[in-house]
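Asker: I'd like to ask you about the structure that follows.
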Amino acid sequence: MISLAIQDEIDGSSKVQDLLDYMATGQSFNYNGGQTCLARIVDYKPETGMVDLVELPRPTQNPRSPFYGKQPRGPFKMPAQLCWNAIFF
C-alpha cells in the first residue's frame, strides 16, 4: 500500500490535506469495521502514516435499528489510506 504522501507526489492531489480538513470539521463517517459503523478522525500522524480514530455511538436509538444497544469500542488506529478511502469513496 502506497502512503498518502507518496500518492500526492504521483498524482498531484492533496489527499493528506483532505484528511486534515475533514478532521478539522469534526464530521463523522461510516466505518464498517466497528460495532456502531460510525467513526471520527482524532489525529493524523504523518511520520507513521496512521490516523487515530474514535468510534462513536449512533445518534438514533430506535429499538428496531441493528445498532440499538451497541456500545462504541473507543479509540483505534487505521492506515491513512484506508481512512481516506472510507471517507471519500
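Asker: Just to be sure I understand the filter: pairs with C-beta atoms under 6 Å, separated by 6 or more residues or on different chains, first member in segment 46-74 and over 12 Å from GLN35 (Cα atoms), second member in a loop (DSSP other than H, G, I, E, B) and of a type outside the set (Asp, Glu). Which pairs pass?
Answerer: GLY49/SER3
Conditions tested, residue by residue: (1) farther than 14 Å from TRP84 by Cα; (2) more than 10 Å from the chain's Cα centre (by Cα); (3) modelled with pLDDT under 85.
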residue: ASP8; (1), (2), (3): no, yes, yes
residue: ASP21; (1), (2), (3): no, yes, no
residue: THR25; (1), (2), (3): yes, yes, no
residue: ALA39; (1), (2), (3): no, no, no
residue: GLN61; (1), (2), (3): yes, yes, yes
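Asker: Another question, then. Looking at PHE67 and the list (1) closer than 16 Å to ALA86 by Cα; (2) in contact with a Lys or Arg (Cβ under 6 Å, 6 or more places away or on another chain), which single condition is not satisfied?
Answerer: (1)
Asker: Continuing with the same structure: Looking at segment 72-89 only, could you name the residues that are part of a strand (DSSP E or B) and over 15 Å from LEU4 (Cα atoms)?
Answerer: Scanning segment 72-89 gives PRO75, PHE76, LYS77.
Asker: Does GLY69 count as over 10 Å from the mean Cα position of the chain (by Cα), assigned to a loop (DSSP other than H, G, I, E, B) and surrounded by fewer than 14 Cβ atoms within 10 Å (Cβ to Cβ)?
Answerer: So GLY69 fits the description; yes.
The values are calculated or read from the model by the stated rules, or taken from the named source; none is laboratory data. Computed from a predicted model, the values in this text were never measured in an experiment. A quick note on method: Cβ atoms are made from the backbone with ideal geometry, for glycine too, and the neighbour counts reach across all protein chains shown.
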